[in-house]
């Protein structure tokens with residue numbers, strides 16, 4: 001007789017050390033780039049631009065700062081997931097995230113099946 005539930009043992013497939021190093025290098029390069037973008041747009045937001053009478057230039061720069069900040073947070077999260085060994089496991093379905101996806105989009109959190117175009121889990125799935 002089977003138990004009413006089964007505890008599923010999930011084996012976390014490990015990327016090779018070379019693959020982990022490659023993803024880490026991509027993430028470190030990406031976070032440096034995003035910090036540069038953030039600082040560049042921060043300068044625009046803080047500047048007194050006499051030609052920007054409507055504030056549109058500063059508003060656009062603020063939106064770009066926000067986007068860079070979101071990217072920085074996603075990349076930092078991915079670096080933490082490298083350290084704790086969960087980078088290659090989808091938190092939505094516990095399936096492995098293929099190296100090819102991590103190589104293409106290093107801070108990705110979800111596997112191909114769970115990933116929506118915006119990088120978040122598909123609504124209603126899993």
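Read-outs: derived from the displayed coordinates by stated rules, not from any lab. These figures come from a predicted structure and were not determined experimentally. Here the Cβ is made from the backbone with ideal geometry for all residues, glycine too, and neighbour counts use every protein chain on show.
For 115, 58, the sequence from fewest to most other C-beta atoms within 10 Å is 58, 115. For segment 17-104, the Cα gyration tensor yields ellipsoid semi-axes of 35, 13, 9 Å (square root of five times each eigenvalue, largest first, whole Å).
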